[in-house]
Amino acid sequence: YGNVRTEYRGRVYDSKAEARRAAELDTLVPAEIVAWFPQVTFNLAAGIRYRCDFLVILPDGTWRAEDVKGKATDVYKLKRKLFKTKFGFEIVEVR
């Protein structure tokens, strides 16, 4: 997809957009979010796993999974549906 692996604060991200989002999330701590974690894996169903780009912890104790997307593949679309079925909410797509 033409992504360029990019380093931010010693960690290499799969794209410039992901590294940029990591920098944005850093600016939101602690004013708007409690913390964030890169590349957290979820077991969805029947051995299918989904790795979000960022898991974001909100001040009220809830969390959201974020995915930096340029183009949504068919595999991602399936995992997005399974994620919603299992957890009851959508993956937040960051463009």
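Only the coordinates and a few stated rules stand behind these numbers; no lab work does. All values derive from a computational prediction rather than experimental measurement. Note that each Cβ is placed from the backbone with ideal geometry, even for glycine, and that neighbours are counted across all protein chains shown.
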Legend entry - For residue 35, residues with placed amide H under 5 Å, excluding near neighbours: 57
Inset, instruction - Subtract the Cα-Cα distance of residue 89 and residue 20 from 0.36 nm times their separation in residues, and report this length gain in nm to one decimal. - result: 22.4 nm
Legend entry - For the chain, the longest site-free run once chymotrypsin sites (Phe, Trp or Tyr not before Pro) in DSSP loop states with at most 15 other Cβ atoms within 10 Å are removed: 2-88
Inset, instruction - Could you list which residues have their amide H under 5 Å from that of residue 63, counting only those 5 or more apart in sequence or on another chain, with H placed in the peptide plane? - result: 58
Legend entry - For the range 66-79, 3J(HN,Hα) per residue [Karplus equation, 6.51 cos²θ - 1.76 cosθ + 1.60, θ = phi - 60°, Hz, x = Gly/Pro]: 10, 10, 7, 10, x, 9, 8, 7, 4, 5, 4, 4, 5, 5
Legend entry - Lys, Arg +1 and Asp, Glu -1 on Cβ, resulting dipole of the range 5-95 about Cα centre, debye, nearest 20: 460 debye
Legend entry - Virtual paramagnetic centre 7 Å along Cα→Cβ of residue 46, amide N under 20 Å, in the range 52-95: 73-88
Legend entry - Environment charge at residue 8 (Cβ cut-off 12 Å; Lys +1, Arg +1, Asp -1, Glu -1): +1
Legend entry - Projected label distance in nm at residue 77 and residue 7, using a 7 Å step from Cα toward the beta-carbon: 3.8 nm
